[in-house]
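Structure, as structure tokens:
The values are calculated or read from the model by the stated rules, or taken from the named source; none is laboratory data. On a predicted model such as this, the values are computed, not experimentally measured, just so you know. Note: ideal-geometry Cβ built from the backbone for every residue, glycine included; neighbour counts use all protein chains shown.
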Amino acid sequence: MKVDRKVKNTLQVYLQWPLIFAAIVVCANVAVVIADPHAGAVMAIFTVLYLVCAGWMFWFGKKKIMGGLVTFGANYSWSQNQLLASMELPYGIADTDGKILWMNRAMTAVFKEEKASKRSLTALFKEITPESLGKMEHAMEVQSSYADAIYRVSLKRVNIRASNDLLEENDDGDVSEQVLAVYLYDETELHGYIQAFTDQKMVAGLIYLDNYDEALESVEEVRRSLLVALIDRKINKYFTGINGIVKKMEKDKYFFAIKQKYMTRLEEERFGLLEDVKAVNIGNEMAVTLSIGIGMNGDTYVQNYEYARTAIDMALGRGGDQAVVKNGSKIQYFGGKSQQLEKTTRVKARVKAHAMRELLETKDRLLIMGHKLGDTDSFGSSIGMYRIATALNKKAHIVINDITSSVRPMYERFANSSDYPDDMFVKSDEAKELVDNGTALVVVDVNRPSITEEPQLLKLVKTIVVIDHHRQTSEKIANATLSYVEPYASSASELVAEILQYVGDNVKLKSVEADAMYAGMVIDTQNFTNQAGVRTFEAAAFLRRNGADVTRVRKLFRDKMEDHKARAEAVRSAEIFEDAFAIAVCVAEGVESPTIAGAQAANELLNIVGIKASVVLTPFNGKIYVSARSIDEVNVQVMMEQIGGGGHRTVSGAQLTDMTVEEAKDKIKEVILAMKQKGEI
């Protein structure tokens, strides 16, 4: 508008100049007449002639000039339309809802197969939604694919003026509506180059044989070299088939490098090498398993190697027999179906015990904590660590906020005893006030920061020790000074019992402490029927020698009638899904610890013939607590990781928020079906 008015005023002034000059000439003629009448008479002839010409130009030339301007404007508008229409860049105009109103020839060629009714941005590009259009302020860019091409779609909000249907960016108040200017930039070729560059990147990987020594011992000595040769051949053949290189670093460790373009193939076949190596059998009683750690998309090759080391540590920490891919900050898991074999040697336990002793001797105070809503194993292992601290003459406190019904009977034996100080158990707020430079923190029965009793303590304390038997996930306590995570172990109490035997000669358990640790092992192993190995029974024998009483423990953990009814109702109402999975809801109203009742119901469902895994959902305090159990065929830890949980291969769980129980059940079913399709079940 302002530009149009300025042009109009300029033309008006330009056309008035002859009249202005005519007035000046008349004034000049009058002045000449006064000075010299004869000269003035002669000049008057020319003045009249000028006035005639100026009048003709003003009255008759103006129309010709305006007509020329109109013709020019029309030709200019036509040229502008032709330029837009013939522009090679696809360009169009859409309304604020995304419906395309006009397209130039280039954009018409792109969407020529689409019917006019379907020419909407929200229909053509899935990345553009009505919500995103509504939130768009001035401009927006998205990357999307259409047909076989990849486009960068640029949207710009512009105003359309009612006076002359011109588009402009500035809002001057004379606006009838807004439209979207749409530009399509074809980046297919660019993405092709980027993909080609990405495919040529080198991926670093490590392979560790999980049970090399144990497998060799299970075969005749004369055949051991043949077993090693067959394993080497399998590994080399697997990676040679994808143009990779493999280097054997140690007797049971390999390094390999492949191009990144082969990673999609390996992931689709879910790293068949895991099963190929297990198939090697020349009389060995024990199948060989291996772990694979892969690092990719780092800034340098060195960083890829560091990623691979992190991935292999994660694979081993999760029990082995699996591949872990660390792609930048993203971590993926493949495999992990096999039960991890128990190590017969206690060398690692002895080394960890000595390292822990040296670490704690430099500290004055020890804080011990487990996970939220602590169970019997968390409590028992905490008691064992408390005994180690007191044996080293260190002040110790167990951090516990909520006392669950399963822990209360054992807790009261300590809280009501004069043999233990009043500050043996502290709340998380009290624990934070006790932290100083001489404080160490021991985390038991959990290795995920978010579900510890007090996550803030992990940031306040510099010296942290982690003792756990759950498989590690991508979320772990990264700043631990000493970590002893062994997924083969039945319980954290078992690991602490082994440490007790090596940490010092003067560590003697009291019978009530032995009871607490023994109870933790009994509950986690379901009376020594689940995940119980040779070392589990050896640890139990050690506790029995220190005064643990089976009958006393059994009496402590008898159920209340309300708990038993809630558990029985969950079992009665269980739904059998896919003929092998029991899914139930534990509505534990009036029960002191509903989550414990749900976990017990999951255990009982495994006693039904044909059930491979059980999942019990327990709504409590605005959350849905999921307890998953299996015997041997299903890795419920992998299942729970799909919904943000974790745990052990046969005992796992998760917490769901912002959904109903029915939605949670549907989510569990989706995970089961997806795992069956991938062959993980």
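Worth a mention:
- Within segment 389-418, being closer than 23 Å to Leu500 by Cβ, out of contact with any helix residue (DSSP H, G or I) (no Cβ under 7 Å at 6 or more places or on another chain) and of a type in the set (Lys, Arg) holds for one residue alone: Lys395.
- Of all the criteria given as (1) of a type outside the set (Val, Ile, Thr); (2) at pLDDT 90 or above; (3) in contact with a strand residue (DSSP E or B) (Cβ under 8 Å, 6 or more places away or on another chain), the one not satisfied by Arg318 is (2).
- Every listed requirement among (1) within 24 Å of Glu513 (Cα to Cα); (2) assigned by TED's automatic domain parsing to the domain that holds Gly653; (3) loosely packed, with under 13 Cβ neighbours inside 10 Å is met by Ser593 save one, (3).
- Residue in segment 596-621 that is surrounded by the fewest Cβ atoms within 10 Å (Cβ to Cβ), counting only those that are within 14 Å of Leu373 (Cβ to Cβ) and within 26 Å of the chain's Cα centre (by Cα): Asn621
- Condition check for Lys115: over 16 Å from Thr96 (Cα atoms), out of contact with any strand residue (DSSP E or B) (no Cβ under 7 Å at 6 or more places or on another chain) and not hydrophobic (A, V, I, L, M, F, W, C): yes
- Scanning segment 645-679 for residues that are of a type in the set (Asp, Glu) and closer than 17 Å to Glu578 by Cβ yields a count of 2.
- Of the strands (runs of 3 or more DSSP E) entirely within segment 298-412, those holding at least 3 residues that are under 25 Å from the mean Cα position of the chain (by Cα), on the phi < 0 side of the Ramachandran plot and buried (at least 22 other Cβ atoms within 10 Å of the Cβ) occupy 322-327.
- Counted as qualifying within segment 489-563 are the helices (runs of 4 or more DSSP H) with 3 or more residues that are under 21 Å from Gly647 (Cβ atoms), namely 492-503, 511-524, 534-545.
- Just one residue in the set Met43, Met87 is within 30 Å of Ala109 (Cα to Cα) and at pLDDT 70 or above; that residue is Met87.
- Residue selected from segment 203-219 under the condition under 24 Å from the mean Cα position of the chain (by Cα) and of a type in the set (A, V, I, L, M), by the criterion surrounded by the fewest Cβ atoms within 10 Å (Cβ to Cβ): Leu206
- Which numbered condition Ala431 misses (of (1) at positive phi; (2) buried (at least 19 other Cβ atoms within 10 Å of the Cβ)): (1)
- Residue match in segment 439-455 (condition: under 20 Å from Glu498 (Cα atoms), in the same structural domain as Val485 (by TED's automatic domain parsing) and part of a helix (DSSP H, G or I)): no
- For Ala532, the requirement of being outside the structural domain of Ile672 (by TED's automatic domain parsing), among the aliphatic types (A, V, I, L, M), within 22 Å of Val496 (Cα to Cα) and exposed (fewer than 15 other Cβ atoms within 10 Å of the Cβ) is not met.
- Residue, modelled with the highest pLDDT, within segment 619-651, restricted to residues that are among the polar types (S, T, N, Q) and closer than 22 Å to Val591 by Cα: Ser627
- Any hit, segment 631-642, residues being assigned to a loop (DSSP other than H, G, I, E, B), surrounded by 14 or more Cβ atoms within 10 Å (Cβ to Cβ) and in contact with a strand residue (DSSP E or B) (Cβ under 6 Å, 6 or more places away or on another chain): yes
- Residue match in segment 349-364 (condition: among the basic types (Lys, Arg), touching a Ser or Thr at 6+ places or on another chain (Cβ under 8 Å) and assigned by TED's automatic domain parsing to the domain that holds Ala548): yes
One line per residue, one yes/no per condition, for (1) assigned to a loop (DSSP other than H, G, I, E, B); (2) over 20 Å from Ser450 (Cβ atoms):
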| residue | (1), (2) |
| --- | --- |
| Thr595 | no, no |
| Ala599 | no, no |
| Asn603 | no, yes |
| Gly610 | yes, yes |
| Gly653 | no, no |
| Val671 | no, yes |
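- Among the residues of segment 466-476, those that are part of a loop (DSSP other than H, G, I, E, B) and either crowded, with 22+ Cβ neighbours inside 10 Å or on the phi > 0 side of the Ramachandran plot (or both) comprise His469, His470, Arg471, Gln472.
- Within segment 91-102, the set of residues being touching a Phe, Trp or Tyr at 6+ places or on another chain (Cβ under 7 Å) and not hydroxyl-bearing (Ser, Thr, Tyr) comprises Gly92, Ile93.
- Among the residues of segment 221-258, those that are out of contact with any Lys or Arg (no Cβ under 7 Å at 6 or more places or on another chain) and in a strand (DSSP E or B) comprise Ile245, Val246, Lys247, Lys248, Met249, Glu250, Lys253, Phe256, Ala257, Ile258.
Table: residues versus (1) out of contact with any Pro (no Cβ under 6 Å at 6 or more places or on another chain); (2) touching a residue at least 40 places away in the same chain (Cβ under 8 Å); (3) not hydrophobic (A, V, I, L, M, F, W, C).
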site: Asp375; (1), (2), (3): yes, yes, yes
site: Val407; (1), (2), (3): yes, no, no
site: Pro421; (1), (2), (3): yes, no, yes
site: Lys427; (1), (2), (3): yes, no, yes
site: Ala440; (1), (2), (3): yes, yes, no
site: Thr452; (1), (2), (3): yes, yes, yes
